[in-house]
Amino acid sequence: MFSSHESCVVRLQQGQSQEPQVYYVSEHKLIAGNPKQTIWIEYESADREFCAGVWASEVGEWKVHYTEQEYCCILEGISVLTDENGNAQEFSANMEFIVPRGFVGTWRVVEPTRKRFVIHEKAATPSP
């Protein structure tokens, strides 16, 4: 993963990161399919609270519960995010959106999807 000094500008270049991480959705989250997912981390801050990269997924659907905030830009494919109240939004190439911390619902990949992402995950605060 690329990390850098806080005072340096980091250019993101797809494919210039370390080896991609390949994984499958965990069984307890899976709703449909068995989508292989791949992630290329292009930047990660020293404190590991902020990262950016590219993610890809095969067709499938799974439950999501965001503890992070995420900016997404769909590069290709079609995905549908549905909140816990049943409100669905479809996203396709060149569409940008934010998934807020606390979002609960499902992510369905209708056509194989690739997205650029930027994530901010608050560090856990130690218990007193």
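Every number here is computed from the coordinates shown, using simple stated rules; none is lab data. Values in this document were obtained by computation on a predicted structure and should not be read as measured data. Here Cβ is always computed from backbone atoms with ideal geometry, including for glycine, and neighbour counts include all displayed protein chains.
Tabulated data
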quantity: Relative contact order of region 21-120, defined on C-alpha pairs under 8 angstrom at six or more residues apart (%); calculated: 32 percent
quantity: Per-residue Cβ neighbour rank within 10 angstrom, fewest leading, Glu121, Glu19, Glu42; calculated: Glu19, Glu121, Glu42
quantity: For region 19-62 and region 63-96, distance of Cα centres in Å; calculated: 14 Å
quantity: Förster-model FRET efficiency, 22 Å R0, Arg101 and Ala123, C-beta, rounded to 0.05; calculated: 0.95
quantity: Order of Thr82, Thr113 - criterion: other Cβ atoms within 10 Å of each residue's Cβ, fewest first; calculated: Thr82, Thr113
quantity: Cα→Cβ-extended label distance, 7 Å offset, between Glu111 and Ser45, nm; calculated: 3.5 nm
quantity: Label assignment, Cα Rg over 2.2 N^0.38 Å derived from the structure, set [x] 1.21; [y] 1.09; [z] 0.98; calculated: [y]
quantity: Amide H contacts under 5 Å for Gly60, placed H, 5+ residues apart; calculated: Val109
quantity: Cα centre as origin, Lys/Arg/Asp/Glu Cβ charges: region 21-120 dipole, Debye; calculated: 140 debye
quantity: Label zone at Ile31 (point 7 Å along Cα-to-Cβ), backbone N below 15 Å, region 80-105; calculated: 80-91, 103-105
